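A short worksheet on the structure shown next.
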Amino acid sequence: MQQQPFLNTRQNSGYRFLGVPTLTRATGETTNGAFGLIEHWEMPVGFASPYHTHHREDECFYVLEGEVAFVCRDEWLNAGPGAFVYGPREIAHGFKAIGERPVRMLVMCTPAGFERFVLDQATPITDPPSPPDMGQLMVLAERHGIEIHGPLPEAPADFGR
């Protein structure tokens, strides 16, 4: 298949992933399998991903707005606007929106594939945020090579000071 240029804009359809307004910016189909790129916007303070491990792809995060606490293995990182966090495959990680304002963040996974996991759980943007169906989440995670360990571990008492 011949590689083609691709344009994605704010006019493309958004959806909710785990209740968070999300837009897929690039898929394996548009990048010849190289990467997938997702934008989360208006991630509410307090939102947390499950603690999980990717077995197929590396995950990268770029914080555009707001503040995010990341845990990679046992290390906690505080990331604000302009911060980049790399989460290699086979290392347990997760994140939580902290601070005083919603988070806007780009998530890139290499190679592509994680965006399919996200799209498999998408709900209409017009639906109100709701908790995920954990049974479905676990089945889809296993299908996509993601191991869900449970909620995030507790941050150290002195984290963020």
- Query: By accessible area of protein heavy atoms, probe 1.4 Å, what ranking do LEU152, LEU137 get, highest first?
  - Reply: LEU152, LEU137
- Query: Given Cα pairs under 8 Å that are at least 6 residues apart, what percent is the relative contact order of the chain?
  - Reply: 30 percent
- Message: In Å², and per residue, what accessible area does the chain have when probed at 1.4 Å with the other protein chains present?
- Response: 54 Å²
- Query: Given the rule -39500 (n - 2.57) for each run of at least 4 DSSP H residues, summed and divided by the residues of the chain, what is its mean residue ellipticity at 222 nm, to the nearest 500 deg cm²/dmol?
  - Reply: -3000 deg cm²/dmol
- Magnitude of the Cβ-charge dipole of the chain, K/R +1 and D/E -1, about the Cα centre, nearest 20 debye? 300 debye
- Note on the structure: Each label sits 7 Å from Cα toward the beta-carbon; between ARG56 and LEU7 the label points are separated, in nm, by 3.1 nm
- Item | Percent carbon-and-sulfur accessible area, the chain, ignoring ligands, DNA and RNA, probe 1.4 Å | 54 percent
- segment 1-97: GluC sites (Glu not before Pro) falling in loop per DSSP and having at most 12 other Cβ within 10 Å: GLU90
- Item | Largest-first principal axis extents, alpha carbons of segment 67-161, Å | 38, 33, 24
- Message: Need the full-extension length gain, MET138 to THR126, defined as separation in residues times 0.36 nm minus the C-alpha distance. One decimal, nm.
- Response: 1.9 nm
- Order of exposure, largest accessible area first, which applies to ILE146, ILE91 with probe 1.4 Å: ILE91, ILE146
- Loop chymotrypsin sites (Phe, Trp or Tyr not before Pro), segment 13-115 (other Cβ atoms within 10 Å of the site Cβ: 13 or fewer; DSSP): none
- Top to bottom by accessible area (1.4 Å), largest first, where do ASP120, ASP133 land? ASP133, ASP120
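The values are calculated or read from the model by the stated rules, or taken from the named source; none is laboratory data. Quantities reported herein were computed from a predicted structural model and do not represent experimental measurements. Positions of Cβ are backbone-derived with ideal geometry, glycine not excepted, and every protein chain shown enters the neighbour counts. Heavy atoms of the whole protein, side chains included, go into the accessibility calculation; ligands, DNA and RNA do not. Shrake-Rupley method; radii C 1.70, N 1.55, O 1.52, S 1.80 Å.
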